[in-house]
Amino acid sequence: MKSLFKRRLQLQLLFILLAAVLVAALSVLLITDAVKSAEGVVLADAGRTLTAAVSELDQQYHDRINADSAWLALPVAAQDTSLRGVSLAVLRSYPGAEGGYYDGSHFLGYSYPTHDTGEKKTDVPTAELNDILATISQSRTTGTAQRILRGQHDIVVIEAKADQQNGFASWTMKRLAGRSDPGSHRRELLLSALVLAALISIAGTLATGVALQRGISQIQAGLSALESDFSHRLSARNDELGEISNSINRMAGVRQKLEADLRREDRLRMVGRLVAGIAHEIRNPLNSIRLSIQLIERRLGDHAVRAEDLHPVIDEVDRLSALLTNLLTFQNTRRPDLRDLPVAPVLLKCVSLIQPQAAARNIEIRAETGPSGLDARFDPEHLTQMLMNLLLNAIEAAGQDGIIDVRIAKHGTAALIEVHDSGPGLTDEQREHLFEAFYTTKAGGTGLGLAVSRELAFGMGGDLRYRNDRPGATFEIELPDIAYANGNDTHR
C-alpha cells in the first residue's frame, strides 16, 4: 500500500490514459453505430420508395396491356415509346428514382424524370446494367427482388418485380449520395472530432507522463548527489518542475553556507576549549610551584630549607613537561612505522607492565589472545601507547576488586582488540565528549589520553571506538589488514 501511495502520480496518469482510450473506443463505436443507423434509415426509406414505385409501374403496365388487346403485336419501338410515357408519369412522383421495364431481351420505357441536371435522360445506366439484370433475374424466381450496391461515394438501391407467367419485369433504381443526409454527416464530423480529441489527449498524457517521470528522476538523482556533495546543483529546467529545482538549489546553497558557518563555529569552539584546557592545566602546576617557592622563601629566612622542599616544584615541572609532550604528540604525531606483526605479544607485554598497578587494587586482568598466528599491520610503539592508555583508564574505572577483560578477535578483514572493565560505564554526556581533547572526569587527568590514542589509531589506518556494554565499558581498537602467519588466509 505504501508503495502504491508513493506512485500515485503514475497511477493517476495511468487512469487518465485509460479514460482517454475508453473515450476514443466509445467514440469509434458511436460513430460506427451512428453511420449504420443513419444508413439504415436512408436505405429503409429508399426501399419503401422503390417498392411503391415498382409496384405502380407494374400496375400501370398490366392496365396498359389489358386495355389494348393488340399490345403484344406492337413493334418494340412502339412499346418502348408508350411505356416511357407511363414511367415518366409514375416516376415523377418519386424524386431520385429511375427505371422502366424489361421484356427478357430489351429494356423498354426507361426514364429518369427527376434527374438533377434538368436534361432528359433516356439511356439505361451502363455502370449498374449487370446488377439491374441480376436483380430482374432474381425477381423472376421470387416475385420481387432488391439489391444494394455500396460504392466509394454513394449507395445504389435496385428493386425489380417480375410477372412470373411471361417473365416481363418492372424495375426501379435510386442512387443515394454520400451527402444525402446532412445531419448524419454533421454527427460523423462531431464524433470524428471527438475521436481526434481523445487521441490528442492520449498523446498529451503520455508526453506529460514521460516528461514528468524524467524530471522526477533527474531531481532524485540531484538530491542523491547533494547528499555527498553540497556544491552540486540541479540543472535548470523550463517546465513546471523548474521551480522545484530552483528551490532545491537555493536550499542547497543555504545549507552549504550553514554548514560552512557551523564548521567555522565548531573550529572556534574547539580552539576555545583547547585554550581553556591548556590554561587550566598550566594554572594548576603554576599555582603549586608558586606555593612551594613561597614556602621555600619563608624557610630560607629561618635557614630551614630541606631538599625535599624542592620535590613538589620538580613534580609540577615534570607535570608541565608531560602536558607539553602530550600536546606535541596530539598535534604532531610521528609517522607510524607499519609492519606485519603478531598482535598477542604486544598485548601480553602491556598487561604485564600494568599488572602491578592492577594488583595494588586487587583487580583481575583476564587476557584472551585470540586465534593462533593472528597478525596485523601496525606500529608496535603506537599500539603499546594506546593499550597502556586504555588499560590505565580501565584500572581507574574498575575500582577496587574489579575485573578487566582484554580480548583479541578477528572481525572481517580486521583484528579487533577489546578492553572491557567492570566499572559503572559512561554517562550520555561523557560519551558525547569522550574523544575530545582536554575533556576528562579524573581529578588529575589531562584529557589527552583518548584523543591521542584515537589519532594514533587513525594514523595506522584503524579506529578506536567506545561500545556501551553496561555494566562496564568497552573500548575497541581496530587494526586493518589481517595476515595469518601460516599463509593460508591473507588479506591485503
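Things worth noting here:
- Residues being open to solvent by less than 60 Å² (accessible area, probe 1.4 Å) and over 19 Å from Leu176 (Cβ atoms) are entirely absent from region 149-156.
- Hits in region 418-439 (condition: touching a residue at least 12 places away in the same chain (Cβ under 8 Å), more than 42 Å from the chain's Cα centre (by Cα) and not in a loop (DSSP other than H, G, I, E, B)): Glu418, Val419, His420, Asp421
- Qualifying residue in region 361-374 (condition: in contact with a Pro (Cβ under 8 Å, 6 or more places away or on another chain), in contact (Cβ under 8 Å) with a residue 40 or more places away in the chain and farther than 23 Å from Phe458 by Cα): yes
- Test for Ala415: is it buried (at least 20 other Cβ atoms within 10 Å of the Cβ), within 17 Å of Asp481 (Cβ to Cβ) and touching a residue at least 12 places away in the same chain (Cβ under 8 Å): yes
- Residue pairs whose Cβ atoms lie under 9 Å apart, sitting 6 or more positions apart in sequence or on different chains, and linking a residue in region 165-177 that is in contact (Cβ under 8 Å) with a residue 12 or more places away in the chain and more than 14 Å from Tyr94 (Cβ to Cβ) to a partner that is assigned to a strand (DSSP E or B) and open to solvent by 20 Å² or more (accessible area, probe 1.4 Å), are Gly167/Tyr102; Phe168/Tyr102; Ala169/Tyr102; Ala169/Lys161; Ala177/Asp154; Ala177/Ile155.
- Residue among Ala145, Ala197, Ala162, Ala169 that is on the phi < 0 side of the Ramachandran plot, modelled with pLDDT of 75 or more and surrounded by fewer than 18 Cβ atoms within 10 Å (Cβ to Cβ): Ala197
- For Asn332, the stated conditions do not hold, so it cannot be described as modelled with pLDDT under 85 and surrounded by 13 or more Cβ atoms within 10 Å (Cβ to Cβ).
- Note on region 200-217: residues that are surrounded by 15 or more Cβ atoms within 10 Å (Cβ to Cβ), under 21 Å from Asn238 (Cα atoms) and either in contact with a Ser or Thr (Cβ under 8 Å, 6 or more places away or on another chain) or of a type in the set (Gly, Ala, Ser) (or both) amount to 2.
- Yes/no for Asp302 being farther than 30 Å from Ala225 by Cα, exposed (fewer than 11 other Cβ atoms within 10 Å of the Cβ) and either at pLDDT 70 or above or of a type in the set (Ser, Thr, Tyr) (or both): yes
The values are calculated or read from the model by the stated rules, or taken from the named source; none is laboratory data. The shown structure was predicted, so the numbers you read here are calculated from the model rather than taken from an experiment. Cβ sites come from the backbone with ideal geometry, for glycine too, and all protein chains shown count toward neighbours. Heavy atoms of the whole protein, side chains included, go into the accessibility calculation; ligands, DNA and RNA do not. Shrake-Rupley method; radii C 1.70, N 1.55, O 1.52, S 1.80 Å.
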